[in-house]
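See structure below.
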Amino acid sequence: MRPYLLAALFLLVSVSGLAQTADSDPATKDDVILYFQTMHTNDMMHKMMEVMSASTQQSIHDELAKQKGLPADYATRMNKRMDDLMKNMPLDEMEQAMIPAYQKHFTHGDIEAMNAFYASPVGQKVLHELPEVMQEGMQTMRPVLNKYIEAWEHRTMEDFKNSGTSTKPPGEGAAQN
């Protein structure tokens, strides 16, 4: 009976040793794909693109209004362009392209732990609420970012003026042959 007990103990130690090394093993492509499924990455990327699209659209609108004025059909044309951007976004290819980065930075154990969290009720709430949080954050952050960029542009222009360097791009204003 002792040989069976010894074999069982050996098997138990071997299995626990395998479990410990699996936590530090590199993440496999399948690990990352399962993580992306748990995270609803494709849906999340689509929602994030919508948020970024709205922010980009607003920035373009503001810049055109400031620079040259908006064309009469601006809203119609921009909505069509943004719809085209969203419909043709290669989300599946983008997701596949991200897999190696996840494999480089996360172990099998890391991915398992992240899957456990994002499969939990709190993790699912994070996934559900994050796009709206990002959208609200982008809206409230935009004036801060605009103020910073305007100040940076002003400092940059002043620096060029004070150094005697032209602020015109190379070739602009030069005599043409």
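Some observations on this one:
- Relative contact order for the stretch 31-177: 39 percent, from Cα pairs under 8 Å spaced at least 6 residues apart, divided by residue count.
- Relative contact order, percent, the stretch 33-120 [alpha-carbon distance under 8 Å, six or more residues apart]: 62 percent
- Span from the the stretch 22-101 Cα centroid across to the the stretch 107-159 one, whole angstrom: 14 Å
- Percentage, to the nearest whole number, of Cα pairs in the stretch 64-160 over 15 Å apart: 82 percent
- For the stretch 22-72, the set of trypsin sites (Lys or Arg not before Pro) satisfying both a DSSP loop assignment and a count of at most 13 other C-beta atoms within 10 Å is given as 68.
- The calculated FRET efficiency for the pair residue 40 and residue 139, based on their C-beta separation and a Förster distance of 25 Å, comes to about 0.60.
Laboratory data are not the source of any read-out in this text; all were calculated from the coordinates shown. Remember, predicted model here, so these are calculated numbers, not experimental data. Using ideal geometry, Cβ is built from the backbone for each residue, glycine included, and neighbour counts are taken over all protein chains shown.
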